[in-house]
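Here is the structure we will look at, set down as structure tokens.
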Amino acid sequence: MHVEVRGLNKKFGTFQAVKDVEFSIAKGQLIGLLGPSGGGKTSILRMLAGLETPDEGDIVFHGQRVNDLPPQERGIGFVFQNYALFKHMTVAENIAFGLEVKKWPKAKVKERVAELVELTGLKGFESRYPHQLSGGQRQRVAFARALAPEPQLLLLDEPFAAIDAKIRHELRSWLREMIDRLGITSIFVTHDQDEAIEVADEIMIINQGRLEQKGSPWEIYKDPQTPFVAGFIGESTIVEDIASLRGFADAAIWPGTKGLIRPEYIEIGKESEFSLLSATEAGKVKHIHFRGSEWLVEVAVGGIKLVTYRSLEKEVLHPGDAVQVLVHRAYLFNDNDSWVMENKLKEDPMPVHI
Amino acid sequence: MMRRLWIGLTVVVFGLLLIIPLFRIAQGAFDSGWSGFWHGLTRPEALHALLMTGIIAVVVTIVNAFFGVMLSLYLVRATWLGRKLKRLMNSIVDLPFAVSPVIGGLMIVLLMGPDTALGALLGRAGIDIVYALPGMVVATLFVTFPLVVREVIPVLQEIGSQQEEAAHMMGAYAWTTFWRVTWPSIRWSVVYGVVLTVARCLGEFGAVLVVSGNILFKTQTATTLVYQDVENFNLTAANAVALALAAGSVLLLLFMEWAKSRKEVH
Amino acid sequence: MTNMLQSRWWSWGFRSAVLLYFVLLIVFPILGIYGQSLSGGWHAFLDNVTEALAWKSVLLTVKLALISTAINAAIGTMAAWVLIRYRFPGRRLLNSLVDLPFALPTAVVGLMILLLLGPRSPIGQGAESLGFTILFHEPAIVIAMVFVTFPFVIRSVQPLLEELDASEEEAAYTMGASPARTFFRVILPCMLPGIASGAMLAFSRALAEFGAVVLVAGNIPGKTLIASVYIFGEIESDNPAGAAAISVLLLTLSFLILWIVNYVQTRRTGR
């Protein structure tokens, strides 16, 4: 189903939960609503579902405005954060509920339930009650229940929040696969960026009720449109006085400009490891942490503290070592503008051809 | 050693305060043997009084169960009521607990007595409120109103609205949602509240005494009959009716325990 | 669509009916009694309240209610402790019996006390030979009040004791505290909110009690006439304004207590 939202606003008392949100979603896409808790993601989802009424703005499904349609008639599947399974019904009864409400004939209900039980791998658990299931199984039941009436849009509110970290990974890829197979337009809310990046076709970053940016995970990583997005995605350090770093002197042209540097923008090593020493800064290793697959190195350059990774294959650094630091690029921003700046000294003034 | 002492002390307190008095009533009812008890219970005035108590209990329980559940739903779920208003109403619900039954009765007399505008109006239409059954029902409704609400509201708050919202999303309207999703969760709390209401109806004394005028064969209930018998030093007869009431209460208490255990399971 | 319209009508009807019922049954009578008490103006109200017998009955009620509340706070705390912490035969039975005073009609309670403590009963005779009478005197009223308010303290302390983490107690022991010290420094402070709110509810109920007291108090004006019986007498003697004035006094006191209990509880649970 094609979903379009225009000028959406919602206030709870004096708290502006959602502010001028606009977007459109193409049929069959899987969209992640990503942002900090309390930022308005769930409110947007609930307005799409019809569980909250927007103060202003239009919600359009398939070119038809649905603002006045009650949730019962929107044809949406909704998976709640804590699943909201009916405690007093078995798995099969939970899944059949929506079909019985819609007065499907008994035989068809049975058939559809069997189909969904098969699809979600819940065979053998049909007559169990929710409290007899594991977290992952409950999530599957919630999913099957939402899908049973064949909705055209599936909304998921923090679908993995209540699940152990270990099973969460499995479930994520399972969900991705399932949605691909069914081709159903889906929107899910999460505050976990790894989850959004891993699962979603497109991410919408929501902060303080506003839509900060919408795009594929790669676009958002590569080209963040606002300082919030840049800081929210990936790890980063904010450098107040970015112009003092070698290669970024030009930043001084715009007073008040700060820089945001990701660990992966930085390279460190002994002098011998660099071919372009003129672009590097001298620094001192402060701490190193073993991260399982790499070293996380904290390094001080002048008064600036930076964080970066270092491959396990390279020579091991120790706290106190003098190192060279190459900052490839920084994301600069001030009150009016934001842009990505490459290290100006990296472009070798006298290229040497070997 | 301390343990023995405390347990012993508690058992003694319970025995003195609760168990012995209960036995004393039973014994008192049979002071003049089985026939004395039977006579006390089957006097025409006793039968009439028990009938009145029964009618009041049935009417009040049905009305308050219905309105109590509805009000609980609104106070917990309704979005059309402001939060502040809901909180205010929530505290008003408790007020009958704090009102002396006599005062509760007085309120009804003041509001609908024959001297008031409302009472006169209804009187002219041939409906007596005070010193008649309707007033007694209203007084009991007032006194028992919080019982169901207080049982149901915490459960509704605890189960949250998500299951209901899930039902809405699957196409179920309010009626279906209530019966298929909400009711199974609150059922035992409602039963518990209803049992409390019945117990209170059977035992209500002060409010009914004030409103009814305690007219023999007309507005006398079981408890006001006990009162009158005691005032007339007719203790054996009083004991018979009191024993019947106490037996009813103990039965309800057992039922209450059972309902409570069910409530905890679900 | 018709489905929707229909449900809208239904819900509108339900809402108005429930709200109307609520206002008519609860709000109106309470406003009515406040209105009635002030219908003769402030002076009449004050005259009614300060009338010697009325004032004495209120003071007596408050005094006796305080005594019975203190007794119940002590007994209730002990009983709650024993019922939660110790396992002994008959525990479940006692635990069910706690609710008995709530279930028993108050008139029946009055009769029970009358039979048990009357001049012809062993207890009554025993007291008589010691030179004092229980029935139709203050002790009987206190006993009646203690009986009807018995469950409050127990039922508000029990959940707190159940919630109390055993590790808190164990932590105190590991730090070398004696059992008595642990009780007073760790356990009692946990029970205190429950004792306080239970005691306040018991106090408010004791103030309001009528049925159990009217049968055993003797109702001698100025001596054993408590407020609710005084109100009843005023109604019987057709003086609704006097009854309403004292009622308002008692009501306001009870509402205040109820409000404090609610306030403390919401503060505690943080809702």
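Odds and ends about this structure:
- For chain C, built as a Gaussian network whose Cα springs stay under 10 Å, the top-fluctuating residue of C:ILE226, C:ILE260, C:ILE246: C:ILE260
- Chain A: angle of helix A:91-101 to the longest principal axis, Cα-based, in degrees nearest 10: 70
- Greater than 25 Å apart at Cα, pairs in A:LYS314/A:LYS344; A:LYS305/A:LYS344; A:LYS258/A:LYS344; A:LYS270/A:LYS346; A:LYS222/A:LYS305: A:LYS314/A:LYS344
- In summary, the lysines within cross-link reach of C:LYS63, defined as a Cα separation below 28 angstrom excluding same-chain residues under 8 places away, comprise C:LYS223.
- Long-range HN-HN contacts of A:GLU52 with modeled amide H, under 5 Å: A:MET47
- Residues A:LYS305 and A:ALA249, FRET efficiency given R0 of 22 Å [Cβ-Cβ distance, rounded to 0.05]: 0.65
- Farthest toward the positive end of the dipole of the protein assembly as shown, out of C:LEU60, C:LEU225, C:VAL248, is the Cα of C:LEU225, where the dipole comes from beta carbon charges about the Cα centre.
- With contacts taken as Cα pairs under 8 Å at a separation of at least 6 residues, chain C carries a relative contact order of 29 percent.
- Whichever lysines have a C-alpha closer than 27 Å to that of B:LYS260, once near sequence neighbours (fewer than 8 apart) are set aside: A:LYS87
- Whole-percent P(r), the protein assembly as shown, all Cα pairs, 20 Å bins from 0: 12, 32, 28, 19, 7, 1, 0.
- Excluding same-chain neighbours fewer than eight residues apart, the lysines reachable from B:LYS84 by a Cα-Cα span under 28 Å are A:LYS10, A:LYS11, A:LYS19, A:LYS41.
- Peptide C:245-258 has a mean of 3 when you count, residue by residue, the C-beta atoms of other protein chains within 10 Å of its C-beta.
- A cut-off of 5 Å between modelled amide H atoms, ignoring neighbours fewer than 5 places along the same chain, links A:GLU212 with A:ILE205, A:ILE206, A:ASN207.
- Residue among B:LEU88, B:LEU75, B:LEU202 with the largest mean-square fluctuation in a Gaussian network model of chain B, springs linking Cα atoms under 10 Å: B:LEU88
- Positive-end extreme of charge dipole, the protein assembly as shown - chosen from B:THR177, C:LEU31, A:LEU276 (charges on Cβ): C:LEU31
- Pairwise FRET efficiency - A:LEU119 versus B:THR79, Cβ, R0 = 45 Å, nearest 0.05: 0.80
- Here chain A is assigned +1 on the Cβ of each Lys and Arg and -1 on the Cβ of each Asp and Glu. Its dipole about the Cα centre then comes out at about 1360 debye.
- Across region C:124-134, coupling constants 3J(HN,Hα) worked out from phi with the 6.51/-1.76/1.60 Karplus curve, θ = phi - 60°, read x, 5, x, 5, 4, 5, 7, x, 9, 10, 8 Hz, and Gly and Pro carry x.
- Calculated FRET efficiency for the pair B:HIS39/A:GLU111, C-beta based, R₀ 60 Å, to 0.05: 0.30
- Helix B:222-231 vs. chain B, principal-axis angle (Cα, 0 to 90°, nearest 10): 30
- Accessible surface of the protein assembly as shown, 1.4 Å probe, proportion on carbon and sulfur as whole %: 60
- Listed values for region A:118-135 are Karplus-derived 3J(HN,Hα) couplings in whole Hz (6.51 cos²θ - 1.76 cosθ + 1.60, θ = phi - 60°), namely 4, 4, 9, x, 9, 4, x, 10, 3, 9, 7, 9, x, 6, 9, 10, 7, x, and x replaces Gly and Pro.
- Between amide H atoms placed 1.01 Å from N, distances below 5 Å from A:LEU33 occur with A:PHE188, A:VAL189, A:THR190, A:MET204, all of them 5 or more places distant or on a separate chain.
- For chain B, modelled as a GNM whose springs connect Cα atoms under 10 angstrom apart, the maximal fluctuation among B:ALA246, B:ALA125, B:ALA57 occurs at B:ALA125.
- Remark: region C:210-227, residue by residue, has Karplus-estimated 3J(HN,Hα) of 10, x, 5, 6, 4, 7, 10, 7, x, 6, 8, x, x, 10, 10, 8, 8, 4 Hz, where x stands for each Gly or Pro and the curve is 6.51 cos²θ - 1.76 cosθ + 1.60 at θ = phi - 60°.
- Helix B:44-77 and the longest principal axis of the C-alpha atoms of chain B enclose an angle of approximately 20°.
- Classified by the C-alpha gyration tensor, region A:1-74 has an oblate form. Its axis ratio a/c, with a ≥ b ≥ c, is 1.5 or above, and a/b does not exceed b/c.
- Per-selection Kirkwood Rh - region A:3-224 (Cα, Å, 1 d.p.): 18.0
- Rounded D (µm²/s) - region C:60-269, Kirkwood Rh over Cα pairs, Stokes-Einstein at 37 °C, 0.692 mPa s: 173
- With 0.36 nm allotted per residue and the present C-alpha distance subtracted, the A:GLU177-A:LEU312 stretch has 45.2 nm of extension available.
- Compared with the alpha-carbon gap, the fully stretched path from A:TRP339 to A:ARG6 is longer by 117.1 nm at 0.36 nm per residue.
- Ranked by the mean number of other Cβ atoms within 10 Å per residue, highest first, peptides B:42-54, A:166-178 order as B:42-54, A:166-178.
- Residue among A:GLN16, A:ALA107, A:GLN213 farthest towards the positive dipole end of region A:3-224, charges placed on Cβ: A:ALA107
The values are calculated or read from the model by the stated rules, or taken from the named source; none is laboratory data. Note that the coordinates shown come from a computational prediction; the quantities given were computed from them, not determined experimentally. Reconstructed Cβ throughout: ideal geometry from the backbone, glycine too, with neighbour counts over all protein chains shown. Keep in mind that these areas ignore ligands, DNA and RNA; they rest on the heavy atoms of the full protein, side chains included. Shrake-Rupley method; radii C 1.70, N 1.55, O 1.52, S 1.80 Å.
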